[in-house]
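Since the structure comes first, as structure tokens, the remarks are kept for the end.
The values are calculated or read from the model by the stated rules, or taken from the named source; none is laboratory data. This one's a predicted model, so the numbers in the text were calculated from it and none came from an experiment. Reconstructed Cβ throughout: ideal geometry from the backbone, glycine too, with neighbour counts over all protein chains shown. Accessible surface areas use protein heavy atoms only, side chains included; no ligands, DNA or RNA. Shrake-Rupley method; radii C 1.70, N 1.55, O 1.52, S 1.80 Å.
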Amino acid sequence: MLFFGGHKMEEHEKRSYLFGGQMGGQYLDSIGKSNLAELSQDEWLEFLHVVCKNYHNKHIELTSNMAFQF
């Protein structure tokens with residue numbers, strides 16, 4: 001298993017994760033479920049898609065004008 005413990009998140013990362021999580025919560029509300037263990041495989045995959053896609057989109061939105069230093 002891969003965990004990222006100890007990584008200090010930047011503010012844009014935090015905001016992106018929170019947004020993805022909020023959208024995942026809205027999806028769960030829309031199907032009337034809150035217990036992840038009760039999701040069907042299709043519901044679980046859709047939940048993951050909603051969280052990941054919204055994280056990704058918010059991350060792009062927040063970093064599109066940032067200058068990165070390598």
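Partner lysines whose Cα lies under 24 Å from the Cα of Lys14, excluding those fewer than 8 positions away in the same chain, are identified as Lys53, Lys58. Relative contact order of region 5-58, taken over Cα pairs closer than 8 Å and 6 or more residues apart, is 54 percent. Mind checking the angle between helix 41-63 and the chain's longest principal axis? C-alpha axes, 0 to 90 degrees, to the nearest 10. With both axes taken from Cα atoms, the answer is about 20 degrees. Nonpolar atom fraction for region 21-70, defined as the carbon and sulfur part of the 1.4 Å probe accessible area, stands at 53 percent. At a probe radius of 1.4 angstrom, the accessible area of the chain per residue rounds to 83 square angstrom.
Extending 7 Å from the Cα toward the beta-carbon at both Ala67 and Arg15 defines two label points whose distance is 1.9 nm. Rg/Rh for the chain (Cα atoms only, Rh after Kirkwood) is 1.06. Relative to the first principal axis of the alpha-carbon coordinates of the chain, what is the inclination of helix 11-30, with its axis defined by its Cα atoms, in degrees from 0 to 90 and to the nearest 10? So the inclination is approximately 10 degrees.
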